[in-house]
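One structure is given here, and the rest of the page talks about it.
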Amino acid sequence: MADRQASVYDIVVLGGGAAGLMSALTAGRLGRRVLVVEHAERCGKKILMSGGGRCNFTNTGTTPAQFLSANPHFCKSALAKFKPTDFIDMVDAHGIRWHEKELGQLFCDISSKQIVAMLLEECAAANVEIRTGCSIESVTHNTVAFAIATSQGHFASERLIVATGGLSIPRMGATGIGYRIAESFNHRLVPTRAGLVPLTLSGKPLEQLADLAGVSLPVELHCGRQSFTNAMLITHRGLSGPSVLQISSYWREGQALTANLLPDHNINDLLAQWRATRPDAHMQTLLSEVIPKRFAQRLCELSIGNAPIKQFGAKQLSDTASLLAAWPIVASGTEGYRTAEVTLGGVATDGLSSATMMSKHLPGLYFIGEVIDVTGWLGGYNFQWAWASGHAAGTAA
Ligand code: FDA
């Protein structure tokens, strides 16, 4: 129940991250009286740490195909109504310089602090009130309004936007409270798991690679029907790098992974050419020209052998080609939420309107950003989802 002393707002937004701030400034601009409740001492901590401090704030090639969800169509409407160009317009209006790194990924030239400052300035201009260091104690609803009890008092509003993010990087303020609020209002949850996360190896596979920690090479990594071509990095605990982070969102425990170690070559042609033109060269020497030397050496020690290539018969050459095209990886797990960039799963989309993000069970209740079962690839897609879903709810609420 909203008690009599509660401060009343049109909209209370729980969580002052990417999605929460975008929904707040959008609603504020439309004349709504908005309060943002953020339990950390400052807003937008994940924005600050993102993109190596330069925030990969969007991807110009964003389409629904880069998102994982039990319902791949859910994200379409919000993404169509708030595009990367809409966010770029805001960035440009604030004079924030940016550049494209690769594959449509846009980064600040200077610092991700500029993105947080921009969002806070826009909130201030739209008269949004922000309370940081404010913990949520309970959220209830009577027939008219939501009552939010916090460490800084009681608030009431007819609309409540839940933007509390996922479970990744708990030390940055992730709590999972959004899931509990969703369940308390009869929303179904899709089981959560860590995404965009390094994979771990154990036992023999780890022993065979751990001393190569730091070695990085471009690969085409396959898991089921999904594949990503980008760098793979060997770490002390297993494998990381963009291709591994991307595939981790698709990988399930026990599933087979393979890496094409020469994604830029026709492997059969390359081996045949080497055999014809440099028959006395050792396999390790040849492979070291196209794969980092230490990794090539380990491959030869473990599986390929290191004789002059002329001594490789047809079967041995074809086995070598197969190994290079589909090097098997036996991952034992992931590094979990401690290092994951995102949380897969969350509030099931079948309980939400895809146009407004509003609950189908309780009018006035909205979920946006990472708390929903919509997760993007690495490369600025997750922020674009935060902006787009935040804009959808902020416009509708
Ligand atoms: P977000 O987590 O941003 O915000 C949730 C807010 O709710 C937080 O401020 C939190 O403190 C607050 N909160 C939680 N519990 C609360 C409670 N009980 N009471 C009050 N407040 C509470 N994406 C991308 O597109 N490009 C990139 O470069 C990166 N880089 C990146 C790096 C790292 C290290 C991480 C961990 C993640 C990324 N991401 C990314 C992912 C991106 O940060 C993420 O998808 C968005 O921040 C999600 O936005 P949300 O607003 O939904 O959650």
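Taking the range 241-268 as the range and being touching a residue at least 24 places away in the same chain (Cβ under 8 Å), surrounded by fewer than 21 Cβ atoms within 10 Å (Cβ to Cβ) and out of contact with any helix residue (DSSP H, G or I) (no Cβ under 7 Å at 6 or more places or on another chain) as the test, the residues that pass are 241, 250, 253, 255, 256, 258, 263, 264, 265.
Inclusion of residue 21 among residues that are buried (at least 19 other Cβ atoms within 10 Å of the Cβ), aliphatic (A, V, I, L, M) and within 11 Å of the ligand (Cβ to nearest atom) is warranted.
Mind checking whether some residue in the range 293-311 is surrounded by 18 or more Cβ atoms within 10 Å (Cβ to Cβ), away from the ligand (no atom under 16 Å from the Cβ) and among the basic types (Lys, Arg)? For the range 293-311, residues surrounded by 18 or more Cβ atoms within 10 Å (Cβ to Cβ), away from the ligand (no atom under 16 Å from the Cβ) and among the basic types (Lys, Arg): present. Residues of the range 24-55 being surrounded by fewer than 24 Cβ atoms within 10 Å (Cβ to Cβ), touching a strand residue (DSSP E or B) at 6+ places or on another chain (Cβ under 8 Å) and of a type in the set (D, E, K, R), which ones? Passing the criteria: 32, 33, 54.
Of all residues being within 10 Å of the ligand (Cβ to nearest atom) and not hydrophobic (A, V, I, L, M, F, W, C) in the range 144-169, which is modelled with the lowest pLDDT? Just the residue, please. Of everything passing the filter in the range 144-169, 168 is modelled with the lowest pLDDT. All conditions in (1) part of a helix (DSSP H, G or I); (2) within 21 Å of residue 48 (Cα to Cα) hold for residue 197, with the sole exception of (1).
Here's the yes/no breakdown for (1) within 11 Å of the ligand (Cβ to nearest atom); (2) assigned to a helix (DSSP H, G or I):
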| site | (1), (2) |
| --- | --- |
| 340 | yes, no |
| 343 | yes, no |
| 346 | yes, no |
| 355 | no, no |
| 362 | no, no |
| 379 | yes, no |
| 384 | yes, yes |
| 387 | yes, yes |
| 390 | yes, yes |
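Of the residues 62, 132, 58, the single one that is on the phi < 0 side of the Ramachandran plot, surrounded by fewer than 16 Cβ atoms within 10 Å (Cβ to Cβ) and within 16 Å of the ligand (Cβ to nearest atom) is 132. Those residues that are closer than 21 Å to residue 10 by Cα and either of a type in the set (A, V, I, L, M, F, W, C) or near the ligand (Cβ under 9 Å from one of its atoms) (or both), I need them from the range 24-42; list them, please. Matches in the range 24-42: 24, 25, 27, 30, 34, 35, 36, 37, 38, 39. The set of residues in the range 88-121 that are assigned to a helix (DSSP H, G or I) and either over 25 Å from the mean Cα position of the chain (by Cα) or basic (Lys, Arg) (or both) comprises 93, 113, 121. The condition (being closer than 16 Å to residue 382 by Cα and either touching a Gly at 6+ places or on another chain (Cβ under 9 Å) or of a type in the set (Val, Ile, Thr) (or both)) is satisfied by just one residue among 103, 120: 103. Among the listed residues 359, 354, which satisfies the condition of being surrounded by fewer than 23 Cβ atoms within 10 Å (Cβ to Cβ) and more than 22 Å from residue 157 (Cα to Cα)? The match here is 354. Candidates are the residues of the range 171-194 that are near the ligand (Cβ under 10 Å from one of its atoms) and of a type outside the set (Lys, Arg); the one that is surrounded by the most Cβ atoms within 10 Å (Cβ to Cβ) is 178.
Among the strands (runs of 3 or more DSSP E) confined to the range 1-87, the ones with at least 2 residues that are hydroxyl-bearing (Ser, Thr, Tyr) are located at 7-14.
The values are calculated or read from the model by the stated rules, or taken from the named source; none is laboratory data. Bear in mind that the values here come from a model prediction, so they are computed numbers and not experimental data. Glycine also receives a Cβ, built like all others from the backbone with ideal geometry; neighbour counts cover every protein chain displayed.
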